[in-house]
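Inspection log for the structure reproduced underneath, given as structure tokens.
The values are calculated or read from the model by the stated rules, or taken from the named source; none is laboratory data. Remember, it's a predicted structure, so these values are computed and weren't measured experimentally. Please note: Cβ atoms are built from the backbone with ideal geometry, for glycine as well, and neighbour counts cover all protein chains shown.
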Amino acid sequence: MKKERRQFDLVLWGATSFVGKIIAEYLLQRVSELTDFRWALGARNPEKLARLQSELGSELPVFVGDSFDRSFLEDMASQTSVILTTVGPYMKYGESLVAACALKGTDYCDLTGEAGFVQKMIDEYEATARESGARLVNCAGFDSLPSDLGVLHLNEHCERVLGSGLRRVEMQVRAAKGGVSGGTVASGIETVAQLQKDPGLKSVLANPYAICPEGRRSGVRQPSLSAAKRSEFNGDWLHDFVMAPVNTKVVHATNARLDYPYGDDFIYSEWQVANNAFMAYLGRFGVGAAMLALYFPWTRALLQRFVLPEPGEGPDRKTREQGYFALLFCGETRAGRMVTCRVTGDADPGYGSTAKQISEVAIGLSRSLPLSEKAGGFWTPASSLGLKLRGPLTQHAGLKFESPVTGLAPRISS
Ligand SMILES: NC(=O)c1ccc[n+]([C@@H]2O[C@H](COP(=O)([O-])OP(=O)(O)OC[C@H]3O[C@@H](n4cnc5c(N)ncnc54)[C@H](OP(=O)(O)O)[C@@H]3O)[C@@H](O)[C@H]2O)c1
């Protein structure tokens, strides 16, 4: 079944955010290669939108409105096939748009890394989205697309070439260079604020299966993501990776949404690699100290005042263009074979590369995913477009999915 064509193929909502402007720049060039692709920008502030159009040299149609104005959002959603939204913190600003898209059968993708938001949206709107045919894809940036698709890519190779799927995977962040935006900081702070208001959120954040569909939110015990330790795969020193709590949930949600291609006892964890034991313990201490500093109101206020970027600010173009990331997936098949592969990106993970990743998800939803192939409901990047994304991400978005290699994982040192 095909959805009827609407006035627009895509609306970029939150076009004036820090990451929204980078997405707009990428889309402008990227969709010029597509035939008859109609898109529009949306934001709350018409002056900012006009400034963006003049920076881009574009005259795109615009939607101006507020993310709390439900009738505006429903009207916008009914005019487009897909909405890509950057308006976050999503827990604060995101719900009405999800509700509008679910109601109007509009496909949706976002950049949230807020697991509490995703679980709440699934619980509230999955039934409506199933009925309307809206496909809602969360976490379509660096959190958590490379992790999600990396595991699917490795598993596909194991099944096809080695005849046995994955039993467990340890993802190691081998290199990453970039920066952080005020919007990302605001989302982290919003999660802390929500935790203080609603202690129940703690159990959501602690559950690796929290954003699986209802009825599938438990499973085998997963490794703790907080430690300084040596890898069981290659002996390298590892410590906490800040995005691991959300990325691991997305990988398990993909497994559950696709009816367990990795098995219902699949084990997954993510880590930052360190050069030696001292750096691993230092890294662990650093992550813990940062979390504590964000938790207490007075240290949080000091950080916001003197250290952290404001909403709308983030790494400059040079930092983004000189950025990169390299992730190593170390896996063991059910037959006991060791296998590894790398996923890399050619720009800073959080903004330059994220902008390209979510744009390709939005284009894929609009062009490559008939309703007969993927029904309405909540999906992850890998459970929605899956391996179809590998081509566009490689050709246009600077990601590389290296062919998996059988054997022991490489080590950094000795
Ligand atoms: N998954 C990932 O890898 C990843 C990477 C990067 C960012 N993110 C997330 O993406 C989000 C955006 O980040 P950012 O740094 O670009 O943030 P930002 O610059 O602070 O942008 C927030 C946007 O929300 C808009 N907004 C706020 N209240 C609104 C309202 N009531 N109605 C309409 N629009 C409203 C703001 O509009 P104005 O422009 O008018 O102020 C602004 O455009 C954050 O949640 C961040 O955590 C995720």
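Mind checking which residues of segment 68-119 are within 24 Å of I189 (Cβ to Cβ) and away from the ligand (no atom under 15 Å from the Cβ)?
Across segment 68-119, the qualifying residue is only Q119.
Let's see how each residue does on (1) touching a strand residue (DSSP E or B) at 6+ places or on another chain (Cβ under 7 Å); (2) of a type in the set (A, V, I, L, M, F, W, C); (3) in the same structural domain as L365 (by TED's automatic domain parsing); (4) surrounded by 21 or more Cβ atoms within 10 Å (Cβ to Cβ):
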residue: G105; (1), (2), (3), (4): no, no, yes, yes
residue: C109; (1), (2), (3), (4): yes, yes, yes, yes
residue: T112; (1), (2), (3), (4): no, no, yes, yes
residue: F117; (1), (2), (3), (4): no, yes, yes, yes
residue: K120; (1), (2), (3), (4): no, no, yes, no
residue: E124; (1), (2), (3), (4): no, no, yes, no
residue: A127; (1), (2), (3), (4): no, yes, yes, no
residue: S132; (1), (2), (3), (4): no, no, yes, no
residue: L136; (1), (2), (3), (4): yes, yes, yes, yes
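Which residue, of G182, G133, is in contact with a helix residue (DSSP H, G or I) (Cβ under 9 Å, 6 or more places away or on another chain) and of a type in the set (G, A, S)?
Matching residue, one of G182, G133: G182.
Sort out which residues of segment 3-19 are touching a Gly at 6+ places or on another chain (Cβ under 8 Å) and over 19 Å from S32 (Cβ atoms), and write them in order of number.
Once the filter is applied, which keeps residues that are touching a Gly at 6+ places or on another chain (Cβ under 8 Å) and over 19 Å from S32 (Cβ atoms), segment 3-19 yields K3, W13, G14, S17, F18, V19.
Can you tell me which residue is farthest from P349 (Cα to Cα) among those in segment 284-315 that are assigned to a helix (DSSP H, G or I) and aromatic (F, W, Y)?
Of everything passing the filter in segment 284-315, W298 is farthest from P349 (Cα to Cα).
Which numbered condition trips up R320, out of (1) basic (K, R); (2) within 15 Å of the ligand (Cβ to nearest atom); (3) in contact with a Leu (Cβ under 6 Å, 6 or more places away or on another chain)?
Exception for R320: condition (3).
Regarding M243, is this residue within 16 Å of the ligand (Cβ to nearest atom) and either among the aromatic types (F, W, Y) or surrounded by 13 or more Cβ atoms within 10 Å (Cβ to Cβ) (or both)?
So M243 passes the test.
Between a first residue in segment 27-48 that is free of Cβ contacts under 8 Å to residues at least 60 places away in the same chain and a second residue that is part of a loop (DSSP other than H, G, I, E, B) and more than 9 Å from the ligand (Cβ to nearest atom), which pairs have beta carbons less than 8 Å apart while being 6 or more apart in sequence or on different chains?
L28/S58; R38/Q7; W39/L60; A40/L60; A40/P61; L41/L60; L41/P61
From the list A362, A397, A355, A382, which residue is under 16 Å from the mean Cα position of the chain (by Cα), more than 25 Å from V98 (Cα to Cα) and not acidic (D, E)?
Step by step, each of A362, A397, A355, A382 is checked, and only A397 is under 16 Å from the mean Cα position of the chain (by Cα), more than 25 Å from V98 (Cα to Cα) and not acidic (D, E).
Among the residues in segment 227-249, are any more than 28 Å from R174 (Cα to Cα), of a type outside the set (G, A, S) and in contact (Cβ under 8 Å) with a residue 12 or more places away in the chain?
no
Need at least 2 residues that are more than 17 Å from the chain's Cα centre (by Cα) per element, so show me which helices (runs of 4 or more DSSP H) inside segment 164-268 make the cut, counting only ones lying wholly within it.
Ranges flagged: 182-197, 201-206.
Which of the residues that make up segment 163-185 are more than 30 Å from V339 (Cα to Cα), buried (at least 19 other Cβ atoms within 10 Å of the Cβ) and among the hydrophobic types (A, V, I, L, M, F, W, C)?
Within segment 163-185, just V185 meets the criteria.
If a residue has to be away from the ligand (no atom under 14 Å from the Cβ), in the same structural domain as T319 (by TED's automatic domain parsing) and either out of contact with any Leu (no Cβ under 6 Å at 6 or more places or on another chain) or in a helix (DSSP H, G or I) (or both) to count, how many in segment 342-381 make the cut?
2
Among (1) surrounded by fewer than 19 Cβ atoms within 10 Å (Cβ to Cβ); (2) not in a loop (DSSP other than H, G, I, E, B), where does N155 come up short?
The one condition N155 does not meet is (1).
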